[in-house]
Amino acid sequence: MDLDQRKEYFNEEILEVSETEKHFEELEFEDCVFKKCNFITCIFTRCKFVGCRFENCVLSAVSFNNSRLIDVSFKNSKVIGIDWGKADLLRSINFIDSTLNYSSFRMLKLPKIKMENCEAKEVEFIESDLSLGSFQGTDFTKAIFSKTNLNGANFTEAKNYYIDVTNNKVRKAHFSLPEALNLLSSFEVIIE
């Protein structure tokens, strides 16, 4: 399937599209399911994704320049090296059983985001609002949390995170042992 054939796609299944270094402009996808698609270093400019699902896809170093993603989910996908701050609007975005390594969520308002059972290594969460988000079972090795609102977020079964509780908002956030002991690292206490 060539996505440049038309500008609007509604309630369609998009199967096994594979594109590298392609620039897409002003495309609209509503209630579409992308399955086994690969977009490598592609640019989506002023595109719109509403109610879409990506399943078993690879989006590597993709840029969503001035694009809108509303009620979009990624499942069993590799969504790697993306600066989500380039999007014009992100609302109700979910990642399930996916890899998000080397991405940036800097200065984004994404309350209630879901990032469950994912790999989020070296991801930036700086000055973001992730309140009431669900991060259950996610691996945050070398992820950066700084000045981020995590109030009410759920980190149960998450691992390898370092969250400085003096530099982030964590009121009523949920954590589970033994990983919750990492929260004491910012106090430089010795636990024996």
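3J(HN,Hα) along the range 20-31: 10, 6, 9, 10, 9, 10, 6, 8, 10, 10, 10, 6 Hz, from the Karplus curve 6.51 cos²θ - 1.76 cosθ + 1.60 with θ = phi - 60°, whole Hz, x for Gly and Pro.
Measuring from a point 7 Å past the Cα of LYS172 along Cα-to-C-beta, which residues in the range 94-121 have an amide N at less than 17 Å? Taking a point 7 Å out along Cα→Cβ of LYS172, the residues of the range 94-121 whose backbone N falls under 17 Å are 111-113. Amide H contacts for SER104 (H built 1.01 Å from N in the peptide plane; partners 5 or more residues away or on another chain; cut-off under 5 Å): ILE82, ASP83, TRP84, GLU124. On the beta carbon distance between ASN160 and LEU132, with R0 = 25 Å, the FRET formula returns roughly 0.70. Sequentially through the range 116-123, phi angles give Karplus couplings (6.51, -1.76, 1.60; θ = phi - 60°) of 9, 6, 10, 10, 10, 7, 6, 9 Hz, Gly and Pro residues having no value and appearing as x. Across the range 125-141, coupling constants 3J(HN,Hα) worked out from phi with the 6.51/-1.76/1.60 Karplus curve, θ = phi - 60°, read 10, 10, 6, 9, 10, 10, 4, 6, x, 10, 10, 4, x, 8, 9, 10, 4 Hz, and Gly and Pro carry x. Modelled spin labels at VAL17 and THR141, positioned 7 Å past Cα toward Cβ, are 3.3 nm from each other.
Given R₀ = 35 Å, FRET efficiency for ARG6-ASP97 by Cβ-Cβ distance, to 0.05? Intermediate results must be reported in sequence, preceding the final value.
On the way: r = 31 Å, r/R0 = 0.90.
E(calc), rounded to 0.05, equals 0.65.
Amide hydrogen proximity for HIS174: with H placed 1.01 Å from N in the peptide plane, the residues at 5 or more positions away or on another chain lying under 5 Å are ALA153, ASN154, PHE155. Taking amide H as placed 1.01 Å from N in the peptide plane, PHE74 has its amide H under 5 Å from the amide H of PHE54, ASN94, PHE95, ILE96, each at least 5 places away in sequence or on another chain.
All of the numbers you see were taken from the coordinates with simple rules; none came from a lab. Only a predicted model underlies this, so the values are computations on that prediction, with no experimental measurement involved. All Cβ positions, even for glycine, are placed from backbone atoms using ideal geometry, and neighbour counts span all protein chains on display.
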